[in-house]
There are 4 protein chains.
Amino acid sequence: MRFASDNTSGAAPEVLAAIVKANEGYERSYGADAAMARVTDLVRDLFEAPEAEVRLVATGTAANALAIATHVQPWDGVFCHARAHIAEDECNAPEFYSGAKLVLIQGEHGKITPDALAQALSTTGESGVHGVQRGMLSLTNVTEAGTVYTPAEIAALTKLAKAKGIPCHLDGARFANALVATKATPAEMTWKAGIDVLSLGGTKNGCLGVEGVVLFNPAKAWELELRRKRGGHLFSKHRFLSAQMEAYLTGGLWLKLAAQANAMGQRLVEGLRHRQAHVPPADANMLFPEWSAGHHERLEAAGAHYYRFPAPQGRERARLVASWSTAEADVDRFLAAF
Amino acid sequence: MRFASDNTSGAAPEVLAAIVKANEGYERSYGADAAMARVTDLVRDLFEAPEAEVRLVATGTAANALAIATHVQPWDGVFCHARAHIAEDECNAPEFYSGAKLVLIQGEHGKITPDALAQALSTTGESGVHGVQRGMLSLTNVTEAGTVYTPAEIAALTKLAKAKGIPCHLDGARFANALVATKATPAEMTWKAGIDVLSLGGTKNGCLGVEGVVLFNPAKAWELELRRKRGGHLFSKHRFLSAQMEAYLTGGLWLKLAAQANAMGQRLVEGLRHRQAHVPPADANMLFPEWSAGHHERLEAAGAHYYRFPAPQGRERARLVASWSTAEADVDRFLAAF
Amino acid sequence: MRFASDNTSGAAPEVLAAIVKANEGYERSYGADAAMARVTDLVRDLFEAPEAEVRLVATGTAANALAIATHVQPWDGVFCHARAHIAEDECNAPEFYSGAKLVLIQGEHGKITPDALAQALSTTGESGVHGVQRGMLSLTNVTEAGTVYTPAEIAALTKLAKAKGIPCHLDGARFANALVATKATPAEMTWKAGIDVLSLGGTKNGCLGVEGVVLFNPAKAWELELRRKRGGHLFSKHRFLSAQMEAYLTGGLWLKLAAQANAMGQRLVEGLRHRQAHVPPADANMLFPEWSAGHHERLEAAGAHYYRFPAPQGRERARLVASWSTAEADVDRFLAAF
Amino acid sequence: MRFASDNTSGAAPEVLAAIVKANEGYERSYGADAAMARVTDLVRDLFEAPEAEVRLVATGTAANALAIATHVQPWDGVFCHARAHIAEDECNAPEFYSGAKLVLIQGEHGKITPDALAQALSTTGESGVHGVQRGMLSLTNVTEAGTVYTPAEIAALTKLAKAKGIPCHLDGARFANALVATKATPAEMTWKAGIDVLSLGGTKNGCLGVEGVVLFNPAKAWELELRRKRGGHLFSKHRFLSAQMEAYLTGGLWLKLAAQANAMGQRLVEGLRHRQAHVPPADANMLFPEWSAGHHERLEAAGAHYYRFPAPQGRERARLVASWSTAEADVDRFLAAF
């Protein structure tokens, strides 16, 4: 009953096997390995984007910070949800890499509405050199609240950003889970919906530690490479990043793993609702139900692991995350304990 | 005949096995894994430093940049050799992380002499707020030229730095190779010789990608953690960094691997000198001999891989690096081709 | 009828005369001028703070950015009002100088309430290395909305910050106006109320361009000097900054100038309220009344200068600022035109 | 006998009078003042550059740091003389503003030779993402050693830089002195010689505190404005910067003041050489002769003020700087004392 985070799981067998295989013999360093060329081909093919460029790093924070820094100036503002991972969980890394400032937008269930974005876009960047300039829009899908934007919802937001001339980033730490939840294609969820740069998560969904930065505007690739190196994120034995991502994207493994995680997440949602628990909207593998502290303690005593956060009225919010390795039996044990 | 770099080798079998084993089951994220506690114990034991703190990252540039940034202020100068890796090969990462400036010191065979350091220390930091302040000394061992500082040589340099009140960093990307070359203990090469913070390399010597930042002043540990996270270098599935470092430091593996690399390096040195080649001083697993372009081409045609650099008088300098996986047969084939 | 800003006024005659006098002969550069020593004495005397240190710069943005950077770390958050000058009008300068992030707190009439601050302090800095750390509190007095904190109100806020171990900054771009409005002494408004560092404004209140950074913790003085130089804010002909500040603080000039500005500001407030205009709370020399666009146009046609901002219900908000040089006749002409 | 620096002099009467005059009445803030428009016209006219843009700041360090930051990327290297003011006297400000690194080039008498520059250009920026990229050339005229580049010498250096595709900066803290020394026109010394951006000094040559950043590529103007504001260098009462620069550039005042400084500097050079002192090449208003410590003390006892630096063989180097306000009588008294 390990629901603390999808990053408490290990790597999927296929990914681990790829690491082991990649270890054979000598290979060129710093991204010149043969597997990286195959990764680029896979990304271009899967995203229907023959010009796209992809670069690999080992952490989601690095992917986000580099993706953002490559598209903004130090005097810019990056529009994002007030609860965005880049705002709350990266210890100022986006600001460190970019110099820019985050412009926080409130919104229910982790999502930005077109109205709220339009309001922020119209009141920011209107005071000449004195205020922050409009720099970028950054969305997260799956959102930090466990909800999922549809491609149409993303397109509605990027359209507003594009009308102001700014590029759009998607933090896809759980990108495969969002694809599975919406049945959208990678292209529909990204460049067809106005996304210019994607943080393509692998770590949470069955890799050891690999994330891609996918540029749909390939002109930025050299700057991204320089920023990656300057940030200390260029692996010398890069083949081990490539091997993970290659295995992850091959044969639909990424979607298979995410499908399992989402199925288990939804099994939790439904099981808890069936048991009268309050579960806010949750579309993929992560949910934030609330119940009393006493009830939390009983669940923990029964062997459940997850994070707890303060909530109003003496209750506490749980964060339950299912992963590719979550088994039905685990979920059912949890529901039974509930 | 792959001598381009020790980072073109894979991981040692013991390290790979540790990764595979670490993959089992669930584990806490972000450095709270059980293996990390064991790594700390190993480091404290091996370095005879019961208070030392160690934090893991995946690249050498990250280790250096974080180690330096944790010990200097943005208006400081970091004294280092003009050919130092931090000066030449990290795309301004040390400056990015610290804000400080590198003060370059010339020196033969990759080494700083006490005289040269004394001169730099006495002429820097003497102009009030106008000039750079004295911030830190950073040495590299094995040096970028393939030579090795003895503990006594290090102590002579750190003593000068300490007299000016500044801390000392050792870039130990090839630390195990330096230990093997000098027969020094880890403690003798570091804190007993005046080193305050060490970049403890694993990647080049048989790991997939792991480096430690070892703090002999543990008061800096929290700042280091914050800087690591802010730089995007905190692994969520941190167990995979811990597992590598644990295997590497267990049972003398790190020294065994370095001993093989150094032996093969020295076999190259001696074999080439025996064949009348000009080989500058080289004490470990890396050498920079010079010969004519035509001769380089013949070697490459025979299957040798290595880097070439321009040299005076129409010659070219080779960079030959042996690794833990270099076989005697490879060396001998190269010498035969020579 | 020039009410656009107090920085559209020139310098007071006493300040200009001091500049002219300071021009005689030769003088030491970079802050070693004799007048600077007198400024330090004046500040220590007026603030009843014999250990205080003061350094001069030419702009308010520089004073704020340096004051903040000297007290926080790059991974910190600076708690401030959502409409603070440091948040809205300094083009990311505080972030540029400090690396820190601003944590915005909403509040009516430009003021932070103890409840809102307590809430922000309790929910920030509680997620280990992942989130922003608690770094500093920054208040503005006179606030950006034209209201004024009393010393007791400041103390109530700094007490909360101090309980969390963080220092407190006061942006006193209009500090003299706040003193006049509250009849507080400089000490009561600052260190006696828990302020550790003050941006002491001169420019808006009758100087050409000079602001002081007053450190009540003198241990920070050297760091402040280095940051000032590194930011390019150390004047070579520093005597011209010293001369302004000396004249400004001598013989109560600063309070006399602020008293005139405030009196004219309050004359506007009362006159407009008497004429049934909606004027939100305004305690010093700046007010933000609202009326229809048509009415704005009539006032402009009559020769009034001021800024206009969008407001709800088809109305527009005016920003009217009186300065040391605003004459009663100007105010009365404006009220008559109204 | 005040020869410590040209910044120990006050402002020329014409400049001070302009400040006093500018103080009358109300004026728009933040660079929108009428005088600034006239400054732009003057610069365009004097430099024969109808498209040039100029922005004003108060210090030379700010001008240099902003000029450089506007033209390079954080991973770039800025080629400059090892003794350049930006390298030795600005407390890392250029690095702070730009993120870039300085690549130091040795050269006699403060000057870079084409050979040395060609060497640096050919060995920097050739190692992909690992090393620093070629970013910019920065020259100083009058050099820090008191020598002067002719336009032809500048052109020979910028031609090499341009061949590598990088822009060229001229630190003209003593630009007028360089013009007078070479009889070149402003255009000949700058854009006609390949300079893209100039730090146009006013402070050392008779202003209180004003420097221009002159962009011969006006496309950079908006970025420069944002960087100026973000650095805290945008004056609210900007009219006082404009007034200085307008007076300085009007009616040839700048050249008249520099001519006096240079004449006095050369009078010192010739007088000292006539008295058998060793005076290295010195072409304008600054010289660095050497003599024994005892002789320095006698001169100081006689009332001479200047800086002393250690020199080989028990001697000490003097730095003697004449300014616009240096009188022939002062020089002659010094020579007599000598």
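Each reported figure results from applying straightforward, stated rules to the coordinates on display, with no laboratory input. Nothing here was measured: the structure is a model prediction, and the numbers come from that model. Counting neighbours? That spans all protein chains shown, and the Cβs are built from the backbone with ideal geometry, glycine included.
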- Note on the structure: Here the correct list, in nm and shortest first, of distances from C:HIS278 to the same site in the other copies, label points 7 Å along Cα→Cβ, is 3.5, 8.1, 8.6
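What FRET efficiency, computed as 1/(1 + (r/R0)^6) with R0 = 22 Å and r the Cβ-Cβ distance, is obtained for D:GLN313 and B:LYS164, rounded to the nearest 0.05?
Values: r = 26 Å, r/R0 = 1.16.
Efficiency computed from Cβ-Cβ geometry: 0.30.
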- Sorted by Cβ density within 10 Å, fewest first, the residues D:GLU300, C:GLU51, B:GLU27, C:GLU90: C:GLU51, D:GLU300, B:GLU27, C:GLU90
- Query: For chains B and D related by rotation, which residue of B has the Cβ nearest the axis, and what is the rounded distance in Å?
  - Reply: B:GLU95, 3
- Note on the structure: Simple SL model, points at 7 angstrom along Cα→Cβ for D:ALA32 and D:ASP115; separation in nm is 5.7
- Task: Specify the residue with the greatest mean-square fluctuation among C:ALA120, C:ALA163, C:ALA93, computed from a Gaussian network of chain C linking alpha-carbon atoms under 10 Å apart.
- Result: C:ALA163
- Taking r as the C-beta separation of D:GLU48 and B:GLN276 and R0 as 60 Å, the FRET efficiency to the nearest 0.05 is 0.40
- Query: Past the 30 Å Cα-Cα mark, which pairs from A:LYS229/B:LYS111; A:LYS162/D:LYS220; C:LYS21/C:LYS220; A:LYS111/C:LYS162; B:LYS101/C:LYS101?
  - Reply: C:LYS21/C:LYS220; A:LYS111/C:LYS162
- Message: Can you tell me which of B:ARG239, B:ARG44, B:ARG273 moves the most in a GNM of chain B? Springs connect C-alpha atoms under 10 Å apart.
- Response: B:ARG273
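Relative to the Cα centre, what is the charge dipole magnitude of region C:13-251, using +1 at the beta carbon of each Lys and Arg, -1 at the beta carbon of each Asp and Glu, and rounding to the nearest 20 debye? Before the final figure, lay out the partial values.
On the way: 23 positive and 26 negative charges, 50 e Å.
Dipole size: approximately 240 debye.
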- Task: Note down the net charge around A:ALA221, summing +1 for each Lys or Arg and -1 for each Asp or Glu among other residues with Cβ under 14 Å from its Cβ.
- Result: +1
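Taking neighbour Cβ counts within 10 Å as the exposure measure, how do D:LYS101, A:LYS183 sort from fewest upward? Each step should come with its number before you reach the end.
Working: D:LYS101 27, A:LYS183 9.
Lowest count first: A:LYS183, D:LYS101.
Span-like helices, chain B: DSSP H, alpha-carbon axial extent 27 Å or more, mean Kyte-Doolittle -0.5 or greater, which ones? Before the final figure, lay out each step's value.
Values: long enough: B:253-274 (31 Å, 0.02).
Helix filter hits for chain B: B:253-274.
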- Task: Output, in nm with one decimal and in ascending order, the distances from the B:GLU108 label point to the matching label points of the other copies (7 Å from Cα along Cα-to-Cβ).
- Result: 2.6, 7.8, 8.0
- Message: Out of all DSSP beta bridges in the protein assembly as shown, what portion is antiparallel? Express it as a percent rounded to 5.
- Response: 55
- Place +1 on the Cβ of every Lys and Arg and -1 on the Cβ of every Asp and Glu in chain C, take the dipole about the Cα centre, and give the residue among C:VAL148, C:HIS130, C:ALA176 whose Cα lies farthest towards its positive end. C:HIS130
- Task: Using θ = phi - 60° and the Karplus relation 6.51 cos²θ - 1.76 cosθ + 1.60, list the HN-Hα couplings for region A:85-95 in order, rounded to whole Hz, with x at every Gly or Pro.
- Result: 4, 5, 8, 10, 10, 10, 6, 6, 4, x, 5
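Which of B:ASP332, C:ASP115, C:ASP330 comes first, and how do the rest follow, when ranked by fewest Cβ neighbours within 10 Å? Could the numbers behind the result be given before it?
Working: B:ASP332 14, C:ASP115 10, C:ASP330 19.
Going from least to most buried by this count: C:ASP115, B:ASP332, C:ASP330.
Express as a percent, rounded to the nearest 5, the fraction of DSSP beta bridges in chain D (both residues included) that run antiparallel.
On the way: 20 of 38 bridges.
Bridges in chain D are about 55 percent antiparallel.
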- Calculate the dipole size of the protein assembly as shown relative to its Cα centre from +1 charges on Lys and Arg beta carbons and -1 charges on Asp and Glu beta carbons; express the result in debye to the nearest 20. 0
- Query: Around C:ALA176, with a cut-off of 10 angstrom between Cβ atoms, what is the net charge of the other residues, counting Lys and Arg +1 and Asp and Glu -1?
  - Reply: +3
- Task: Compare B:THR59, B:THR190, B:THR123 in a GNM of chain B, Cα atoms joined below 10 Å, and give the one with the largest fluctuation.
- Result: B:THR123
- Please list the non-local residues whose amide H lies under 5 Å from the amide H of A:VAL103, H modeled 1.01 Å from N, same-chain partners needing a gap of 5 or more. A:VAL78, A:PHE79, A:CYS80
- Message: Can you tally the net charge around A:HIS238? Count Lys and Arg as +1, Asp and Glu as -1, for every other residue whose Cβ sits under 14 Å from the Cβ of A:HIS238.
- Response: +3
- Task: Please give, to one decimal in nm, the separation of the simple spin-label points placed at D:ASN217 and D:ASP332, each 7 Å out from Cα toward the Cβ.
- Result: 5.1
